[in-house]
1. I need a count of the residues in the range 303-319 that are touching a residue at least 12 places away in the same chain (Cβ under 8 Å) and either surrounded by fewer than 13 Cβ atoms within 10 Å (Cβ to Cβ) or over 25 Å from the mean Cα position of the chain (by Cα) (or both).
2. Residues that are modelled with pLDDT under 90 and not assigned by TED's automatic domain parsing to the domain that holds H187, at least 3 per element: which helices (runs of 4 or more DSSP H) completely within the range 1-81 meet that?
3. If a residue has to be in contact with a helix residue (DSSP H, G or I) (Cβ under 6 Å, 6 or more places away or on another chain) and either of a type outside the set (A, V, I, L, M, F, W, C) or in a loop (DSSP other than H, G, I, E, B) (or both) to count, how many in the range 82-106 make the cut?
4. Have a look at S136, S117 and point out the one that is part of a helix (DSSP H, G or I), farther than 29 Å from H478 by Cβ, polar (S, T, N, Q) and touching a residue at least 40 places away in the same chain (Cβ under 8 Å).
5. Which residues, counting only those in the range 285-303, are among the polar types (S, T, N, Q) and out of contact with any Lys or Arg (no Cβ under 7 Å at 6 or more places or on another chain)?
6. Just checking, how many residues over the range 420-436 are farther than 24 Å from R483 by Cβ and aliphatic (A, V, I, L, M)?
7. Please state which of the following conditions V418 fails to meet, knowing it meets all the rest: (1) farther than 23 Å from F165 by Cβ; (2) at pLDDT 85 or above; (3) under 18 Å from the mean Cα position of the chain (by Cα).
8. Just name the residue that is modelled with the highest pLDDT out of those in the range 232-246 that are assigned to a helix (DSSP H, G or I) and in contact with a Ser or Thr (Cβ under 9 Å, 6 or more places away or on another chain).
Amino acid sequence: MPNYELRIIWRFSVVQIHTLPNSPPKQNLSFGKQPPLAWAAILFLVLFSAVCIFGGAAGILRTAYVIISFAIGIFLYVRYPLLYTGFTWWIWFVTPFVTRLVDYKSGWDPTRFMLVSQYLVTLLTLHTFLKELPKSLRQGSLPFVLAFLGVFYGFLVGIIKTSPFTAARGLLDWLTPITFGFYLFIHWRDYPLYRRTIERTFLWGVLVTGIYGIYQFLVAPEWDVFWLVNTKLTSMGDPEPLKLRIWSTMASPAPYAAMMMAGSLLLFSNKTFLRIPASAIAYLAFLLTTVRTLWGGWFIAFITFITSLKAHLQMRLFITILLMAICIIPLTQIEQFSETISDRFETFSQLEKDDSAKVRQKIYEDGLNSALTNGLGNGVGNTFIVNKKGILEPIVIDSGILDMFFTLGWFGGVFYLVAIFMAFAKSFQYSEYRFDTFMAASRAISLGMLSTLLGNSGMLGMPGMVLWGFIALAMAGHKYHVRSRID
């Protein structure tokens with residue numbers, strides 16, 4: 001349809017060109033990036049953060065970073081939706097790293113206030129959710145609505161059992177992945193542009209965070225050691241070179257591994273030459289996280305991805321895999337890396353002797369009955385439960401399934417699980433995976449993340465962004481291709 005084509009062309013022109021062809025180039029802070037005003041705003045945040053950290057005024061960033069990043073998020077959300085999408089992912093990628101540098105320079109902040117930045121920027125998509133909700137149901141958004149209702153129920157219970165502030169803080173973890181996924185889905189008409197943005201974002205994301213993650217493993221920078229000592233997270237290894245489970249620029253190994261699982265699989269659908277060196281860095285860093293649950297998720301995602309393609313695309317993919325393997329395997333054999341990686345792989349055949357496996361088994365034994373008999377749920381943000389002796393004790397949950405029922409109860413948990421089932425049931429009915437490798441990779445990534453829910457709360461925070469974001473992209477791709485066939 002003419003109007004639809006004009007809208008796509010206009011959207012593309014907004015992102016790519018903001019001056020007329022015969023207009024003289026303007027000098028600005030964006031270094032030639034278009035649109036210049038948007039890139040100038042992003043560059044300002046980068047430069048301001050660097051000046052504060054290295055200029056002896058890091059403490060200012062604790063509040064300023066939150067305010068400025070949120071302001072830029074609003075500006076991009078209103079004016080440049082594609083840049084807003086990339087900016088949101090990057091805020092998730094780097095905010096924990098900036099926080100560690102600020103803590104190292106200005107002293108430990110136990111409130112971790114700066115980390116709210118990534119949630120506030122993402123929460124802007126709640127506006128789209130509420131605005132588009134009435135008509136979106138006709139477009140297939142019911143899974144997002146059901147998940148939202150389940151989480152909102154848990155939020156109400158959390159207010160009753162804890163406090164409005166505590167419940168609101170927990171709500172950010174649960175809600176932002178859902179509204180962000182809805183945001184990507186509802187822009188299905190611009191699917192090719194969002195596909196290009198996500199591919200470029202994750203290509204550079206795995207490169208930058210992968211290089212830093214390998215550096216972190218080899219050197220154990222002082223700011224990372226300072227953070228590790230203060231958080232007392234013994235599960236992340238010893239604060240020494242070659243003994244860390246890397247988390248790169250993020251807050252812990254699991255969120256970083258979730259991002260790298262997604263990024264490394266997206267490289268298969270990327271057509272630039274840069275994907276080959278990026279793959280070598282990405283897979284080495286991914287292995288150094290030593291997060292076995294995400295390793296298993298990657299394997300499930302890879303099998304799903306490769307079996308969904310046409311035969312000639314599978315052959316092309318095998319050639320890509322061969323080139324990647326030539327780059328990756330020699331790196332994993334380097335002495336500094338090989339011992340850590342091989343030792344972790346050996347635990348797959350010795351789970352009965354593995355401490356983390358025993359802890360997870362104990363959590364299931366103790367928590368399954370409690371979770372399934374907790375009809376109302378503890379509520380979002382409520383991290384304590386009354387034990388058999390009537391004493392409050394912290395809830396230790398290392399399973400997304402248990403977490404759903406502990407937090408949301410039967411009512412909210414069933415809504416959330418039905419939402420996930422509906423989204424994935426729909427995704428397996430699509431036929432466009434045969435020729436759209438990005439769409440195939442998106443479904444595979446979300447399915448891989450879904451498989452980790454048995455041993456990981458993969459629906460919260462960064463893992464949740466991957467789970468809901470990429471299933472939304474698969475759904476958006478399907479609607480776009482269907483509409484294209486009709487037009």
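1. Count: 2.
2. Ranges flagged: 2-16.
3. Of the residues in that region, 10 qualify.
4. Answer to the selection: S117.
5. Once the filter is applied, which keeps residues that are among the polar types (S, T, N, Q) and out of contact with any Lys or Arg (no Cβ under 7 Å at 6 or more places or on another chain), the range 285-303 yields only T293.
6. 1
7. (3)
8. Going through the qualifying residues, I end up with M236.
The values are calculated or read from the model by the stated rules, or taken from the named source; none is laboratory data. These numbers were taken from a predicted model, which means no experiment stands behind them. FYI the Cβ positions are ideal-geometry reconstructions off the backbone, even for glycines, and counts take in every protein chain you see.
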